[in-house]
Amino acid sequence: MDYSGRIAGSYRAGRRLPPEAVSSWTDAVARHLGPAGGAILDLGSGTGRFSSALATRFGVPVVALEPADGMREQAPPAGSRGGVAMAAGRGEAVPARDGAFVAVWASQVLHHVDDLPRCVAELRRVVRLGGPVMVRGTFEATGALVPWARYFPEAAHIATELFPTLEEITAAFDAVGMQPRAHDVIWQTTAGSMGELAARVGLRADSTLELLNDDAFAAGMARLEAAAAAETSPVPVREALELVVFV
Ligand SMILES: C[S@@+](CC[C@H](N)C(=O)[O-])C[C@H]1O[C@@H](n2cnc3c(N)ncnc32)[C@H](O)[C@@H]1O
């Protein structure tokens, strides 16, 4: 999946989260981070959706590591990033010394790395002993809870076919001596209504939607927009994702 292309331009708007949704994730990080200060690695940080929130909430430096030029270009300008340093690079070769980070935050990224075992070995190397690697994503427990998935069955199929299972990810961590210490299901409000959800999904800022052919995407949008039009009073759209913490 090429994140330097069209998706980079739509990602910030198409994947924007309300502040309370971001807080539900930083609250979860707080439960797993422990008291010690030190830098956090935001792996595959994209446009920095979580980077500044982590730096602000915990008062620590955050290194936002992102391979796609287009995504880094969409991040907030240098002067307004707080304690966030953006860096070009991939999870398979993290440009940092051993034990440089107190924790790693990896949101919706491990399914994109080309070499998962190598990436996980790098995370093991750059996180200090006992530091958590916090993996945010949609796995088996929440796959059916993606609020737009029922309108785009082909996209759900792509995710099942292409993305590593949590079992495979856990095996990669186990191979470097890290085990899951926690597995939380966390709810967030993604949109204020079905109409807002449809507008957001229409930006196509999700890799599984980007990989659909245009006809399948248009058909899914027609189904989603019909559901939005049928909504008589707006109901916030909530969804759940998982946070798996490896130590
Ligand atoms: C779905 S986006 C998630 C971005 C961000 N973590 C978030 O939650 O908004 C996936 C990101 O992973 C990045 N990515 C792809 N391959 C990668 C790799 N090998 N190492 C690190 N990041 C990678 C992509 O460029 C993209 O920005």
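Going 7 Å from the Cα of ARG150 along its beta-carbon direction, which residues of region 213-228 have the amide nitrogen within less than 11 Å of the resulting point?
227, by backbone N distance to the label point.
What is the local net charge at PRO180, summed over the other residues whose Cβ is closer than 15 Å to its Cβ (Lys, Arg +1; Asp, Glu -1)?
Numbers: positive: ARG31, ARG124, ARG136, ARG181; negative: GLU140, GLU167, GLU168, ASP174, ASP184, GLU242.
It works out to a net charge of -2.
Between ASP98 and ALA230, what FRET efficiency comes out of the Förster formula 1/(1 + (r/R0)^6) with R0 = 41 Å and r the beta carbon distance, rounded to 0.05? Let's see the in-between values first.
Values: r = 56 Å, r/R0 = 1.35.
Approximately 0.15, to the nearest 0.05.
Taking region 133-191, which GluC sites (Glu not before Pro) meet the DSSP loop condition and have no more than 15 other C-beta atoms within 10 Å? Intermediate results must be reported in sequence, preceding the final value.
Working: sites: GLU140, GLU154, GLU161, GLU167, GLU168; in loops: GLU140.
Listed in order of number, the matching sites are GLU140.
List the relative contact order of the chain as a percent without decimals, with contacts defined as Cα pairs under 8 Å and 6+ residues apart. If you can, show how the numbers build up before the last one.
On the way: 440 pairs, mean separation 56.9, N = 247.
Answer for the chain is 23 percent.
How many angstrom separate the Cα center of region 53-128 from the Cα center of region 186-223?
So the two Cα centres are separated by 27 Å.
Among the GluC sites (Glu not before Pro) within region 200-247, which fall in a DSSP loop and have no more than 14 other Cβ atoms within 10 Å of their own Cβ? Walk me through the intermediate numbers first.
On the way: sites: GLU210, GLU225, GLU231, GLU239, GLU242; in loops: GLU231.
Those that pass, being in a loop and sparsely packed, are GLU231.
With all distinct Cα pairs included, what does the Kirkwood hydrodynamic radius of region 49-202 come out to in Å, to one decimal, could you say?
Working: mean 1/r = 0.0577 Å⁻¹.
Answer for region 49-202: a Kirkwood hydrodynamic radius of 17.3 Å.
Which one, VAL185, TRP148, THR47, is farthest towards the positive end of the dipole of the chain when Lys and Arg carry +1 and Asp and Glu -1 on their Cβ?
About the Cα centre, the residue reaching furthest to the positive side is THR47.
Which Cα, out of HIS32, PRO19, ALA64, lies furthest along the positive dipole direction of region 1-67 (beta carbon charges, K/R +1, D/E -1)?
Looking along the dipole axis, the top candidate is PRO19.
Which order do the peptides 87-96, 47-56 come out in when sorted by mean C-beta neighbours inside 10 angstrom, highest first?
Those peptides, ordered most packed to least, come out 47-56, 87-96.
Let me check against my output: what whole-number percent is the relative contact order of region 34-161, with C-alpha pairs under 8 Å and at least 6 apart?
Values: 210 pairs, mean separation 29.5, N = 128.
Here the relative contact order equals 23 percent.
Which FRET efficiency, nearest 0.05, do HIS183 and SER23 yield, Cβ-Cβ r, R0 22 Å? Let's see the in-between values first.
Working: r = 21 Å, r/R0 = 0.94.
The formula returns an efficiency of 0.60 here.
Got a sec? How would LEU110, LEU129 order by Cβ neighbour count within 10 Å, fewest to most?
Numbers: LEU110 26, LEU129 8.
Lowest to highest Cβ neighbour count: LEU129, LEU110.
Take every DSSP beta bridge whose two residues both sit in the chain, then give the antiparallel share in percent to the nearest 5.
Values: 16 of 34 bridges.
If we restrict to bridges inside the chain, about 45 percent are antiparallel.
Each reported figure results from applying straightforward, stated rules to the coordinates on display, with no laboratory input. Quick caveat: nothing in here was measured; it's all calculated off a predicted structure. Ideal geometry is used to build each Cβ from the backbone, glycine not excepted, and the neighbour counts take in all protein chains shown.
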